[in-house]
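Contents: one structure, followed by commentary.
The values are calculated or read from the model by the stated rules, or taken from the named source; none is laboratory data. The structure presented is a predicted model; accordingly, all values stated were derived computationally and were not measured. Every residue, glycine among them, receives a Cβ derived from its backbone with ideal geometry; neighbour counts consider all protein chains shown.
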Amino acid sequence: MTEQDRESFRQGFRQGLPFGVVGFVISLSFGVLATDAGFTPWQAIAVAGLVFAGSAQFASLSVVAGGGGIPAALAAATLMNSRFLAMGIALAPSLPGGPVTRAAQGQAVVDSSWALASRGDGTFDRWRLFGTTLPQYLTWLAGTVVGAYAGDLIGDPERWGLDALFPVFFVAILVAELKRPGARVVALTGAVIALALVPWTPPGIPILAASVAALLGLVAPGADPVADAGEAP
């Protein structure tokens with residue numbers, strides 16, 4: 001590692017701290033809600049450590065909490081994380097080594113670190129990427145641990161409004177996404193599909209079926225899947 005690499009890592013670490021603070025609160029709510037839904041503390045922590053993606057974790061949790069099966073929960077999480085495919089394709093040329101080495105380095109990708117590591121010319125600073133992700137990962141795990149083990153002290157999630165965090169989380173994502181070309185049509189189509197299926201399909205199925213509406217984004221005027229992947233969730 002050169003001195004320039006160290007400086008990039010330090011700058012990335014400082015940039016990642018504000019995101020880490022927010023992530024701590026969100027992951028704390030995940031820990032509480034996961035154990036409230038029947039997860040053991042270690043299961044909640046393992047999910048947070050391995051998945052490390054708020055949208056995927058809350059999507060799968062909402063399916064499980066609603067009575068859906070594990071396959072539906074995994075499918076929902078996979079769909080929520082599909083954006084990382086485009087992000088990985090864009091990042092790959094900036095990572096040294098063979099496929100396995102690049103895949104290992106790619107585990108550091110989260111939305112904020114990917115965007116902050118971009119140099120604006122199609123290349124990425126991998127050490128800034130690593131530095132930005134590190135505090136977010138640590139606080140994400142710490143928040144989940146606190147939420148999972150302090151659930152009894154916190155009590156009913158509704159008392160603190162924690163039960164509202166993940167619906168609000170998804171609404172915030174939706175509001176940001178509505179700025180993209182054709183996004184309103186996609187959102188409306190997805191809502192219609194989900195509402196039509198809720199009364200007569202098992203939990204989780206409406207979410208999976210509604211995601212088909214996202215395919216409309218491929219034909220939206222001006223849509224650029226790879227470039228859009230770096231926008232705020």
#### Entry: Selection status of P199, within 23 Å of D111 (Cβ to Cβ), at pLDDT 70 or above and assigned to a loop (DSSP other than H, G, I, E, B)
no
### Task
Kindly indicate whether G131 is free of Cβ contacts under 8 Å to residues at least 60 places away in the same chain and either assigned to a helix (DSSP H, G or I) or exposed (fewer than 14 other Cβ atoms within 10 Å of the Cβ) (or both).
no
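Looking at the range 96-128, which of its residues are over 29 Å from S211 (Cβ atoms) and either buried (at least 18 other Cβ atoms within 10 Å of the Cβ) or among the small types (G, A, S) (or both)?
Of the residues in the range 96-128, the ones over 29 Å from S211 (Cβ atoms) are 96-98, 100-101, 119-121, 123, 125-128.
Residues satisfying the conditions are G97, G98, G120, D125, R126, W127, R128.
Can you name the residue in the range 202-233 that is of a type in the set (A, V, I, L, M) and modelled with pLDDT under 65 and, of all such residues, is surrounded by the most Cβ atoms within 10 Å (Cβ to Cβ)? Write out each step before concluding.
Going residue by residue through the range 202-233, those that are of a type in the set (A, V, I, L, M) are 205, 207-210, 212-216, 218-220, 223, 226-227, 229, 232.
Then keep just the ones that are modelled with pLDDT under 65; that gives 218-220, 223, 226-227, 229, 232.
On the way: L218: 9, V219: 8, A220: 15, A223: 15, V226: 13, A227: 11, A229: 21, A232: 11.
Among those residues, the one meeting the criterion is A229.
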### Task
Sort out which residues of the range 62-107 are touching a Leu at 6+ places or on another chain (Cβ under 6 Å) and under 20 Å from Q136 (Cβ atoms), and write them in order of number.
Q105
### Message
When you scan the range 107-123, do you find a residue that is within 18 Å of T2 (Cα to Cα), touching a Phe, Trp or Tyr at 6+ places or on another chain (Cβ under 9 Å) and modelled with pLDDT of 90 or more, even just one?
### Response
no
### Index of the failed condition, G16 passing every other in (1) crowded, with 20+ Cβ neighbours inside 10 Å; (2) in contact with a Phe, Trp or Tyr (Cβ under 7 Å, 6 or more places away or on another chain); (3) within 27 Å of A115 (Cα to Cα); (4) not hydrophobic (A, V, I, L, M, F, W, C)
(2)
#### Entry: Any helices (runs of 4 or more DSSP H) falling wholly within the range 67-127 and containing at least 2 residues that are in contact (Cβ under 8 Å) with a residue 24 or more places away in the chain, on the phi < 0 side of the Ramachandran plot and aliphatic (A, V, I, L, M)
70-80, 83-91, 111-117
### Task
Kindly indicate whether any position in the range 41-52 is closer than 23 Å to S112 by Cβ and outside any helix (DSSP H, G or I).
yes
### Test: residue in the range 51-63 that is more than 24 Å from F19 (Cα to Cα), surrounded by fewer than 20 Cβ atoms within 10 Å (Cβ to Cβ) and under 18 Å from the mean Cα position of the chain (by Cα)
no
